[in-house]
Amino acid sequence: MKTDWDVVVVGAGPAGCAGAKRCAEQGLNTLLLERHILPREKVCGGMLLSPASRTLVKDEFGEPPAEIWSSSPYVRGYVLHVPGTSGRKIELGRVPHAWRRVFDYWLSQEAQRSGAELWTDAKVTDMVEDDGAYLLKVSHHAAEQGIRARYVIGADGAASLIRRRLLSGVNLSYGPASRICYDEAALNWKTLGIEKEYFHPFFDPHRAPYRFSIEYYGGVFTLVFGGLRKSGKDLALEGGSLAEQYRLLDLGREPIWEDACVELGSHKEILFGSFSPAKGNVLLAGSAAGFMLPVTWEGIGPSIRSGIAAAEAVVKASAHTKEAERYYLAEIEELLSTFRRAYSWGRRIKEATTKEPDHLADALEECFEELLNIPRW
Ligand SMILES: Cc1cc2nc3c(=O)[nH]c(=O)nc-3n(C[C@H](O)[C@H](O)[C@H](O)COP(=O)(O)OP(=O)(O)OC[C@H]3O[C@@H](n4cnc5c(N)ncnc54)[C@H](O)[C@@H]3O)c2cc1C
């Protein structure tokens, strides 16, 4: 088995698949490592929310095949729910909507078609620098293996091991997201007056922008608690203020499945602090670098954009025998400035939680209107 690579990309999510695809297309020997057997699940809405993301997916991976979209293949928009106000509707036209296990699997197949080698069930357990290159320890089908790479793209998600090895002293915070998936009959759609084709976030007036949301995939729907940990379930279904306002479920019904993940919450450090998503020839992309928008949690498009930027930086560095770090930081400058603009919304919404419910609903509506319509990453 080959042990020396030009580029090793860790993680076969949107960032990793985009990075590996672009590196392979440019003639670099590229290995993509994924710790799970694919297809794998990911807690996510699976919506290509902004025009920027829809264009990017098409430009980079081609027209997605129809079968990757869920049985409810489009979301028509958002309805923002704040107790004490009427739902604010944001029309988005046709937002493509997928289960991430299907969507990401397609991305990984496209990366392979472009020449990247993919190892699944391949978990990176360590990385050290060695004489101008990087040695990675990989548990591949439960056997320990060492591989060597000139460049590493860490696209291994919010809890990134590559980031922890690269920036050992940096302290970042995490936000939890948990998901419960039910058969569609568990929700009394009619009584609630909830339209299935819309995405429904419900905001706790004191803790916005944290929320729980209802999303319909055809036959099944999910409740996702963003930033609310276990209390999310109480707020939505049991004794909390949102539960009082919105009687959602026939609680006799069992969920089909439950899962959870974390996302990076340290936007301030990432955008304005000492955090740098690159060092030498190791580059962080996607959630590993914190590229998920505050408030809307849009991350698929920014992850793909940063994966491409990492690949372009590696190609340039390889051609000029320079370090990839400086090329990458230049490549992501535009993405970072979009994130800096978006960041201010989190603060404005927090401020609005101290005022009348209508004031909070106004702030949320304005924020979503802007962030869901980003034209370019
Ligand atoms: C509740 C919620 C809803 C969301 N909804 C949306 C939405 O509707 N639209 C949107 O655009 N964004 C959404 N996002 C954001 C989106 O999910 C992320 O931004 C996106 O998944 C990040 O992609 P990524 O490739 O960086 O990381 P990931 O998708 O997390 O992929 C990382 C990959 O790395 C692998 N990996 C991790 N560690 C290792 C290791 N040591 N070795 C090998 N492999 C490893 C993982 O198994 C995984 O496959 C949502 C997020 C949350 C939490």
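The values are calculated or read from the model by the stated rules, or taken from the named source; none is laboratory data. Please read all numbers here as calculations on a predicted model, not as lab measurements. Don't worry about glycine lacking a Cβ; one is built from the backbone with ideal geometry, like all the others, and counts go over all protein chains shown. What goes into the accessible areas is simple: the full protein's heavy atoms, side chains included, and nothing from ligands, DNA or RNA. Shrake-Rupley method; radii C 1.70, N 1.55, O 1.52, S 1.80 Å.
Figures for the structure shown
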quantity: E215, sole failed condition from (1) open to solvent by less than 20 Å² (accessible area, probe 1.4 Å); (2) within 16 Å of the ligand (Cβ to nearest atom); (3) in a loop (DSSP other than H, G, I, E, B); calculated: (3)
quantity: Pair list, Cβ < 8 Å and 6+ apart or interchain, from the range 200-215 residues that are of a type in the set (D, E) to residues that are not in a strand (DSSP E or B); calculated: D204/Y210; D204/L228; D204/L235; D204/G240; D204/S241; D204/L242; E215/G45
quantity: V102, sole failed condition from (1) open to solvent by 20 Å² or more (accessible area, probe 1.4 Å); (2) more than 19 Å from E41 (Cβ to Cβ); (3) of a type outside the set (G, A, S); calculated: (2)
quantity: Search result, residues across the range 336-356 that are hydroxyl-bearing (S, T, Y), open to solvent by 40 Å² or more (accessible area, probe 1.4 Å) and not in a helix (DSSP H, G or I); calculated: T354
quantity: Among the candidates G84, G27, G93, residue that is open to solvent by 10 Å² or more (accessible area, probe 1.4 Å), part of a loop (DSSP other than H, G, I, E, B) and free of Cβ contacts under 8 Å to residues at least 24 places away in the same chain; calculated: G27
quantity: Single match in A324, A342 (criterion: farther than 30 Å from P83 by Cα and touching a helix residue (DSSP H, G or I) at 6+ places or on another chain (Cβ under 7 Å)); calculated: A324
quantity: Scope the range 291-322; condition more than 22 Å from R211 (Cα to Cα) and touching a strand residue (DSSP E or B) at 6+ places or on another chain (Cβ under 9 Å); matching residues; calculated: S306, G307, A309, A310, A311, A313, V314, A317, S318
quantity: Residue that is of a type outside the set (D, E), in a strand (DSSP E or B) and either surrounded by fewer than 22 Cβ atoms within 10 Å (Cβ to Cβ) or within 13 Å of the ligand (Cβ to nearest atom) (or both), where the choices are R54, R76; calculated: R76
quantity: Subset of the range 261-298 [open to solvent by 10 Å² or more (accessible area, probe 1.4 Å) and in contact with a Gly (Cβ under 7 Å, 6 or more places away or on another chain)]; calculated: V262, E263, L264, G265, H267, I270, S287, M292, P294, W297
quantity: Any pair with Cβ under 7 angstrom, 6 or more apart, that starts in the range 1-14 at a residue that is among the hydrophobic types (A, V, I, L, M, F, W, C) and ends at one that is assigned to a loop (DSSP other than H, G, I, E, B) and within 6 Å of the ligand (Cβ to nearest atom); calculated: V9/A155; V10/A155; V10/D156; A12/E34
quantity: Close pairs from the range 115-127: first more than 18 Å from D6 (Cα to Cα) and open to solvent by less than 40 Å² (accessible area, probe 1.4 Å), partner outside any strand (DSSP E or B) and aliphatic (A, V, I, L, M), Cβ under 7 Å, at least 6 apart; calculated: T120/I37; T120/L38
quantity: Pairs with Cβ under 8 Å, 6+ apart, first in the range 165-177 and at negative phi and among the hydroxyl-bearing types (S, T, Y), second more than 13 Å from the ligand (Cβ to nearest atom) and open to solvent by less than 60 Å² (accessible area, probe 1.4 Å); calculated: S173/S266
quantity: Residue match in the range 313-326 (condition: free of Cβ contacts under 8 Å to residues at least 60 places away in the same chain, more than 16 Å from the ligand (Cβ to nearest atom), open to solvent by less than 10 Å² (accessible area, probe 1.4 Å) and under 23 Å from F61 (Cα atoms)); calculated: yes
quantity: Matching residues in the range 126-146 - criterion: being within 12 Å of the ligand (Cβ to nearest atom) and among the aliphatic types (A, V, I, L, M); calculated: M127, L136, V138
